[in-house]
Each structure stands twice: as structure tokens, then as C-alpha cells.
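This report refers to the structure that appears directly beneath it.
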Amino acid sequence: MHLVTTVAGVRSRRRELWRAGRTVAFVPTMGALHAGHLSLVDHAAGLADEVWASVFVNPAQFGPGEDLDAYPRDLERDRALLEERGVRLLFAPSAKEMYRRPAVVRVAVPELSAGLCGAHRPGHFDGVALVVTKLLNVVQPEVLVLGAKDWQQSVVIRRLVDDLDIPVRVEVAPTVREADGLAMSSRNAYLLGDDRERATVVRRALRAGAELIMAGERSRATVEAAMAGVVAAEPPARLQYTAVVDPQTLVPRDPIAGPSSLLAMAVTIGTTRLIDNLLVESERC
Ligand code: AMP
């Protein structure tokens, strides 16, 4: 596996692949890899000749007071895991390499970034949109593979790629979970002692909401209140938001109608922020 830290290095390797007529599926990450990230690599392997990945903790998507400095980093471990999984190139730039000078260009998808996580992390999706645009321009992959765990992010990026005519196919792979249902996340490493067990409250709340919808409930307020109730029963877990939305437009579903709805939520336990979502096929119920 090639470990490349510069934009020029990636471009040069990419030119070689074009000459050889080989395609690339790309998996961007912030590192501290877990089985969820590795499942994206496996997914990508079936979609192109080579899988390339990146590890970059993007300062532009962290707000003031968020965990940019504390975010877990272990490039050597990540490198070994990706190599073992068959990744052919790992792009691991420094912040200075990605942002050679302060970015004055803004990339934003405001309509899709305003609600859900965006309402609680101002500027977050602008930072994501900027770095993904830059990474796509550097790597120029045929396929981009993202995880369904960050559903809003995948919706923002799909729209970004479509509106800017970026020539890449976006694929979204399913969420990988721990045995007790907790969605895998690099931030789960922050959960110590009883908090790790309490974190299952997110999945339990989503399931409670889904069960109501499957039983015929069509009031968004009732479903969201039920989800909030599950979280309230598990202090010190605190609800940040619950939402029942159209999976493509992220517009709230009220009443809950249409072929499927997305239940999404964010919960904090201490300083750890957990997000998850569940797609419910409402029409068949
Ligand atoms: P991150 O390193 O958290 O920025 O995530 C990098 C990519 O991995 C994103 O496309 C995430 O949606 C995806 N991802 C993170 N956690 C999971 C998971 N548990 N299952 C599947 N994909 C995931």
C-alpha cells in the first residue's frame, strides 16, 4: 500500500492508474478506524479496480469547543488495518497540506444542512462539503463510498456532487453495529464504564419510534415524544434531537406518510455525542 501525504503524490499515482485504465473507489475517513470503516472498504472493493482511502481529521468541520484536539488519532494502526484489507493507497495529509492557506472559497448545501445535526453543529456540513470537494478533486475517484450512519452527510454530499457535476458515483453502505446495537463510531472510545452500556439507549429509542410507525402511528409528535421518553429514562443520556424526515430531502414528515421515513437522533452522554438513524418502510406497515 502506498502511504501518500501530499496532493502532488496522489495526483502522480492517479495519472499512472489512468494510463493503465484502472478505476478507483474512494473511502474518506477521519481515522481511528473500526469495523464500520472497514466494511466501506470491503464494499468499495467490489466497485472498482483499486480502493483508496484517506485519513484526515478535518479542522473545518469542527466547531469551537468541539473535540478536534481530543479526536482519537493512530495513523500507524489505521495504516496496518487498511493495508490488511487490501487498500492500495492511503492519503494522509497534514492540515497544512490540505489547507495551504486559509480557504476563502465556501462550499455549502444550506437547505440540507440546516436541520438535524446541522442545527446543533453550525458550519459543520460546510466544513464537510469543502473537504469532500477538495478530496474528490485530488483523488478523482470513479466511486465514492460513504456510510449510512452519517445519513445527513450522505444526503449533503450526493446533492453537492450532483449540483457541481462532479463525475463520481456515490454509494452508501449500511451501518455496522456492535453486538448490542450501538452504531460503531470512533467517538465510542470516549464512553467509559456504565456510559458504554447506556449508549444503547440511542438504538432502543430509534426502535421504539419504528415500532410505533409500524403499528400505524402517523403523528410525528407522538413518535418523537416516544423516542425522547426512552432517552429521558436513561440519565445522564440527554437528547439533542429526534426527527422523522423524508430520507432524500430531510424534510420533516408530518403526518408520517410516503414509502419510507428516516428516524434520526443525536444524544449526548457527558461530553460524548452519539448519532444514529433508522429507515422505516412506512407504507408497507
Ligand atoms: P468518519 O471517520 O467518522 O468521518 O467516517 C468516515 C466514513 O465512515 C463516513 O462515510 C461514515 O459514514 C462511515 N462510518 C462511520 N461509522 C460507520 C459505521 N458504524 N458503519 C458504517 N459506516 C460508518
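Between residue 189 and residue 6, the simple label model (points 7 Å from Cα in the Cβ direction) yields a spacing of 2.9 nm.
Within the listed set 76, 111, 50, the Gaussian network model of the chain (springs between alpha-carbon atoms below 10 Å) gives the highest mean-square fluctuation for 76.
In degrees between 0 and 90, to the nearest 10, how far off the longest principal axis of the chain does helix 151-163 point, with axes built from Cα atoms? The helix 151-163 is inclined about 50 degrees to the chain. Its residue count N sets the reference 2.2 N^0.38 Å, and the alpha-carbon radius of gyration of the stretch 1-157 equals 1.02 times that reference. Taking the charge dipole of the chain about its Cα centre, with +1 at Lys and Arg Cβ atoms and -1 at Asp and Glu Cβ atoms, the residue from 270, 229, 31 reaching farthest to the positive side is 31.
Would you kindly give the portion of the calculated P(r) for the chain that falls above 32 Å, as a percent of all Cα pairs? For the chain, the fraction of Cα-Cα distances above 32 Å is 26 percent.
Calculated FRET efficiency, residue 99 and residue 23, Cβ-Cβ r, R0 22 Å, to nearest 0.05? Efficiency, rounded to the nearest 0.05: 0.20. Based on C-alpha pairs under 8 angstrom that are at least 6 apart in sequence, the stretch 222-281 has a relative contact order of 29 percent. The helix-only estimate of mean residue ellipticity at 222 nm for the chain, built from DSSP H runs of length n ≥ 4 each weighted as -39500 (n - 2.57), is -11000 deg cm²/dmol after division by the residue total.
Taking amide H atoms as placed 1.01 Å from N in the peptide plane, the amide H of residue 62 has no partner under 5 Å among residues 5 or more positions away or on other chains. The shape of the stretch 12-69 comes out oblate: with a ≥ b ≥ c from the C-alpha gyration tensor, a/c is at least 1.5 while a/b does not beat b/c. Sort the stretch 137-211 into rounded, prolate or oblate with this rule: let a ≥ b ≥ c be the square roots of the eigenvalues of the Cα gyration tensor; rounded if a/c is under 1.5, and if a/c is not under 1.5, prolate when a/b is larger than b/c, oblate otherwise. Cα axes put the stretch 137-211 in the prolate bin.
Order 182-191, 169-178 from most to least packed using the mean count of other Cβ atoms within 10 Å. Could you put the intermediate results ahead of the total?
Working: 182-191: 18.9, 169-178: 16.6.
Put in order of decreasing packing, that is 182-191, 169-178.
When the chain is treated as a GNM with alpha-carbon contacts under 10 Å, the residue of 45, 221, 70 showing the greatest mean-square fluctuation is 70. Computed over Cα pairs, the Kirkwood radius of the stretch 199-285 leads via Stokes-Einstein (0.692 mPa s, 37 °C) to a diffusion coefficient of 260 µm² per second.
If I take every Cα pair under 8 Å that is 6 or more residues apart in the stretch 50-132, average their sequence separation and divide by the length, what percent do I get for the relative contact order?
Averaging sequence separation for qualifying contacts and normalising by length gives 45 percent for the stretch 50-132.
Under the convention that each Lys and Arg Cβ holds +1 and each Asp and Glu Cβ holds -1, the size of the dipole of the stretch 209-285 around its Cα centre is about 160 debye. Axis of helix 124-139 versus longest Cα principal axis of the chain: the two differ by about 30°, to the nearest ten degrees. Return a whole-number percent for the relative contact order of the stretch 1-109, with Cα pairs under 8 Å and 6 or more residues apart as the contact set. Worked out over the stretch 1-109, it gives 39 percent. Across the accessible surface of the chain, with the other protein chains kept in place and a 1.4 Å probe, carbon and sulfur atoms take up 52 percent. Quick one: Cα centre-to-centre distance for the stretch 88-166 and the stretch 2-35, in angstrom? Rounded to whole Å, the Cα centres lie 17 Å apart. Given +1 at the Cβ of Lys and Arg, -1 at the Cβ of Asp and Glu and no other charges, the dipole of the stretch 193-232 around its Cα centre is 120 debye to the nearest 20. Comparing 172, 81, 124 along the charge dipole axis of the stretch 54-212, the residue lying farthest to the positive side is 124, per the Cβ-charge model. Measuring with a 1.4 angstrom probe and ignoring ligands and nucleic acids, residue 2 comes out at about 90 Å² accessible.
Averaging 1/r over every pair of different alpha carbons in the stretch 182-234 and inverting the result gives a Kirkwood radius of 12.0 Å. Summed over the residues of the chain and divided among them, the accessible surface reaches 47 Å² per residue at a probe radius of 1.4 Å.
The values are calculated or read from the model by the stated rules, or taken from the named source; none is laboratory data. Being a predicted model, the structure only gives us computed values, none of them experimental. We place every Cβ from the backbone using ideal geometry, glycine too, and count neighbours over all the protein chains shown. Note: areas computed on protein heavy atoms with side chains; ligands, DNA, RNA excluded. Shrake-Rupley method; radii C 1.70, N 1.55, O 1.52, S 1.80 Å.
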